[in-house]
Amino acid sequence: MSSQKQETVRRLAAPDIRARKGGEPLVCLTAYDAPTAAILDPHCDVLLVGDSVGMVVHGLPNTVGVTLEMMILHGQAVMRGSKRAMVVIDMPFGSYEGGKEQAYENCARVMKETGAQGVKLESGPTVAETIAYLVQRGIPVMGHVGLRPQAVLTDGAFKAKGRTDEERLRVMSEAEATADAGAFAVVVEGVAEGLARDITAAIDKPTIGIGASAACDGQILVVSDMLGLFDWTPKFVRRYADLKGEIDRAVADYAHDVRERRFPAEVETYFSKKPAAS
């Protein structure tokens, strides 16, 4: 037996992320399954099991139809695939807006059943009190201000926020309230560079931008967008790969080989064992 102890990897947690305020930018991506999480894990500080899973995996038109059970299932998968990154799970629409007690019950269930290190709530005008309630009871919370996908039915579309003075003041107020309530970090989505810069300067928790410029303390993207799995991506996404094209080419080659009886070849085929010589 080897005398060397197996090295264990310590998973990042809320205090580690909070301590990065103003320091090395935080690298964050969404993740929805174990094999992808395993690939992303060495490179990321936070893996967000986003409710975007409803759109990019399940084909829903928006995130409103995502259920708590869906988030738990995908959260469990991401936890199995990752070792180092902090795993944060989006609380879906309808799971926390009904009051502090409802929010605690559902967040506690997510934490227990997945083993994740935190949850994320979209920080509308009434959510700060809920965030404080959760944090006081031991649940690390990441906030989310600016463009809030769960409010799409109210807004009518996915629209950038903070373009008017009134909107700018509202988003800033929500960001400050979220930070003051005890959130360890705040996602800032779809706002102008000046507002993102002002929010980052105004609050003492890291800001994680998505369509909010490089002024934030970190960045997050939907992994399917940055890997090029779709024909269209938002303006703020940089495509680092063309996986849709690669998959299309691979499947086309496979289909051709099957139809031409080139696959499976002898090397990919099992044969009966030859009888042993007498």
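The values are calculated or read from the model by the stated rules, or taken from the named source; none is laboratory data. None of the values given here were measured: they were computed from a predicted structure. Note that we place each Cβ from the backbone using ideal geometry, even for glycine, and neighbour counts take in every protein chain shown. Quick note on the areas: whole protein, heavy atoms, side chains included, nothing else; ligands and nucleic acids left out. Shrake-Rupley method; radii C 1.70, N 1.55, O 1.52, S 1.80 Å.
Quick rundown of the values:
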{"quantity": "Val46 β-branched (Val, Ile, Thr), surrounded by fewer than 21 Cβ atoms within 10 Å (Cβ to Cβ) and out of contact with any helix residue (DSSP H, G or I) (no Cβ under 6 Å at 6 or more places or on another chain)", "calculated": "no"}
{"quantity": "Condition met for Val9 (of a type outside the set (Asp, Glu) and surrounded by 15 or more Cβ atoms within 10 Å (Cβ to Cβ))", "calculated": "no"}
{"quantity": "Count of the range 92-105 residues which are open to solvent by less than 30 Å² (accessible area, probe 1.4 Å) and touching a Phe, Trp or Tyr at 6+ places or on another chain (Cβ under 7 Å)", "calculated": "1"}
{"quantity": "Within the range 109-125, considering residues that are open to solvent by 10 Å² or more (accessible area, probe 1.4 Å) and out of contact with any helix residue (DSSP H, G or I) (no Cβ under 9 Å at 6 or more places or on another chain), the one nearest to Val188 (Cα to Cα)", "calculated": "Met111"}
{"quantity": "Those residues of the range 126-136 which are surrounded by fewer than 22 Cβ atoms within 10 Å (Cβ to Cβ) and within 21 Å of the chain's Cα centre (by Cα), in sequence order", "calculated": "Val135"}
{"quantity": "Wholly enclosed helices (runs of 4 or more DSSP H) of the range 152-261 bearing at least 2 residues touching a strand residue (DSSP E or B) at 6+ places or on another chain (Cβ under 8 Å)", "calculated": "165-180, 193-202, 223-226"}
{"quantity": "Members of the range 199-256 found to be open to solvent by 90 Å² or more (accessible area, probe 1.4 Å), within 19 Å of the chain's Cα centre (by Cα), closer than 23 Å to Asp51 by Cα and of a type outside the set (Phe, Trp, Tyr), listed by number", "calculated": "Lys235, Arg238, Arg239"}
